[in-house]
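The structure under discussion appears below in the form of structure tokens.
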Amino acid sequence: MAYRSISPSVIRRLPRYYRFLEDLKAQGITRISSAELSKKMGLTASQIRQDLNCFGGFGQQGYGYNVQLLTGEIAKILGLDKPQKLIIIGMGNLGRTIATHIRFDNKGYELIGLFDQKESLIGQVVHNLPIRSMSSIDEFCKENSPTAAVLCIPKESAEAISYKLVKLGIKGFLNFSHYDLGLAYPGISVENVHFGDKLMVLSYKMHNDK
């Protein structure tokens, strides 16, 4: 089922719900009310009910939410039950850190390929995957059909590389390059990650949230 009419702000809260619910499951908690969940998440109970009602509600009056059921439903909404094949472009410090320390299997992805242009990195193994040359990416994509890519490359390289990847069938990007892909490819799903922007927002909060 598609949820195209759902507010982007609601969609952005879903992973947070999922994380908190996973923690509750790990603690052996089987049910929780919106009021109890609101205290843990720092949201109002009304906001939680409104968000979840966008997808059908899932709660029962007088009972609350079944933690395992709600976790599974949110996983389905986020597409975590249908993993996308993912590649990482750029295996410098950031790319290596992401490949090594981020669990993709519980976030809706299967990491299948690592790529870089630097000859000295080709053949090195990171998290059980060899780093491949960018010159082999056409053949790799045709054989393995990845649909998502993480870009850990300089801004000046992003335009040409992203264009190539879109032509090879990539439909979603997690983009650390500071080149705003969403402007270039309106039909492609993009999450642009700007650490500088986040630091400036943090600066604002530190000066004003008093």
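Bear in mind that the values in this text are calculations on the coordinates, not laboratory data. Remember, predicted model here, so these are calculated numbers, not experimental data. Cβ placement follows ideal geometry from the backbone for every residue including glycine, while neighbour counts extend to all protein chains displayed.
Quick one: of LYS107/LYS142; LYS118/LYS164; LYS142/LYS171, which pairs are farther than 20 Å apart, Cα to Cα? Walk me through the intermediate numbers first.
Working: LYS107/LYS142 24 Å; LYS118/LYS164 18 Å; LYS142/LYS171 14 Å.
Over 20 Å apart, Cα to Cα: LYS107/LYS142.
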Pairing the Cα long axis of helix 67-78 with the longest principal axis of the chain, what angle in degrees results, from 0 to 90 and rounded to the nearest 10? 40 degrees
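Quick one: putting +1 on the C-beta of Lys and Arg, -1 on the C-beta of Asp and Glu, what dipole do you get for the stretch 8-78 around its Cα centre, in Debye to the nearest 20? The partial results should precede the final answer.
Values: 10 positive and 5 negative charges, 27 e Å.
Approximately 120 debye in magnitude.
Going by how many other Cβ atoms sit within 10 Å of their own, how do LYS164, LYS198 line up, fewest first? If you can, show how the numbers build up before the last one.
Working: LYS164 15, LYS198 10.
Fewest-to-most ranking of LYS164, LYS198: LYS198, LYS164.
Taking Rh as the Kirkwood radius computed over C-alpha pairs, what is the Stokes-Einstein D of the stretch 8-78 at 10 °C in a medium of viscosity 1.306 mPa s, expressed in µm² per second? If you can, show how the numbers build up before the last one.
Numbers: Rh = 11.9 Å.
Rounded to a whole number, D works out at 133 µm²/s.
So what's the projected area for the stretch 36-194, the Cα convex hull averaged over all directions, in nm²? Present the calculation step by step, with values, prior to reporting the outcome.
Values: hull surface 45.4 nm².
Seen from a random direction, the Cα hull of the stretch 36-194 projects 11.3 nm² on average.
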Hey, which lysines would be in cross-link range of LYS205, C-alpha to C-alpha under 26 Å, not counting anything within fewer than 8 residues on its own chain? LYS39, LYS40
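Got a sec? How would TYR163, TYR18 order by Cβ neighbour count within 10 Å, fewest to most?
Values: TYR163 13, TYR18 20.
With the sparsest Cβ surroundings first, the list reads TYR163, TYR18.
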Within a Gaussian network of the chain (alpha carbon springs, distance under 10 Å), most fluctuating of PRO186, PRO130, PRO83: PRO186
Taking only the alpha-carbon atoms of the stretch 103-210, what semi-axes of the equivalent ellipsoid follow from 5 times the gyration tensor eigenvalues under a square root, in whole Å, largest first? 29, 17, 14
Using only Cα atoms, find the angle between the long axis of helix 8-26 and the longest principal axis of the chain, and express it within 0 to 90 degrees, rounded to the nearest 10. 70 degrees
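To the nearest 0.05, what FRET efficiency results for SER189 and LYS39 with a Förster distance of 45 Å applied to their C-beta separation? Present the calculation step by step, with values, prior to reporting the outcome.
Details: r = 33 Å, r/R0 = 0.74.
Given R0 = 45 Å and the Cβ-Cβ separation, E is 0.85.
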Of ALA75, ALA45, ALA26, the one that fluctuates the most in a GNM where the chain has Cα springs shorter than 10 Å: ALA26
Residues MET41, MET200, MET91, sorted so that the one with the fewest Cβ neighbours within 10 Å comes first: MET200, MET41, MET91
Any idea what the dipole of the chain comes to, in debye rounded to 20, about its Cα centre with Lys/Arg Cβ at +1 and Asp/Glu Cβ at -1? 580 debye
I'd like the distance separating the alpha-carbon centroids of the stretch 55-73 and the stretch 166-182, in whole Å. 35 Å
